């Protein structure tokens, strides 16, 4: 076969440090737009971006040449710099880790809708409950001592 054909899609979730509600609704849309630019500049495809005051959700399409850990590191570093310089939150930081879950082509639309509906979704459920459900559904092993 002379070509490589991939369908690599990831639902990525990461939180502000200590889940502090620092992402204001006043500038959240600008942040999401900026994330899209960072993702594109890194060579990936931003399929959906959303979140609330204490965390961000991304649906990313990745080419074979990009490692997920590298793109997440690039995104978080660029976002921190932007938030410090453009928004003026000098003490802003992201939690060290992240969650990433593969998404099948048939589920991309549902995940995209879920990401776009974060504010309504989090009126009844917090980040910790949501994240634990992701881990359980994906059958990802974890030690609760190291989650929060």
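Every number here is computed from the coordinates shown, using simple stated rules; none is lab data. In this text, all values refer to a predicted model and were calculated from it rather than measured experimentally. Every residue, glycine among them, receives a Cβ derived from its backbone with ideal geometry; neighbour counts consider all protein chains shown.
Tabulated results
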{"read-out": "Sites residue 117 and residue 3 - FRET efficiency at Förster radius 25 Å, r taken between beta-carbons, to 0.05", "value": "0.10"}
{"read-out": "Taking 85, 109 and counting other C-beta atoms within 10 Å, the order from fewest to most", "value": "85, 109"}
{"read-out": "Ordering of 114-125, 7-18 by burial proxy (mean other Cβ atoms within 10 Å per residue, highest first)", "value": "7-18, 114-125"}
{"read-out": "The chain: relative contact order in percent, alpha carbon pairs under 8 Å with at least 6 residues between", "value": "32"}
{"read-out": "For 147, 58, order by how many other beta-carbon atoms lie within 10 Å, fewest first", "value": "147, 58"}
{"read-out": "Distance (nanometres) between label positions extended 7 Å along Cα→Cβ at residue 140 and residue 19", "value": "1.5"}
{"read-out": "Label-point gap, in nm, between residue 95 and residue 33 - each point 7 angstrom along Cα→Cβ", "value": "2.8"}
{"read-out": "Residues 130, 26 arranged by fewest to most Cβ contacts within 10 Å", "value": "26, 130"}
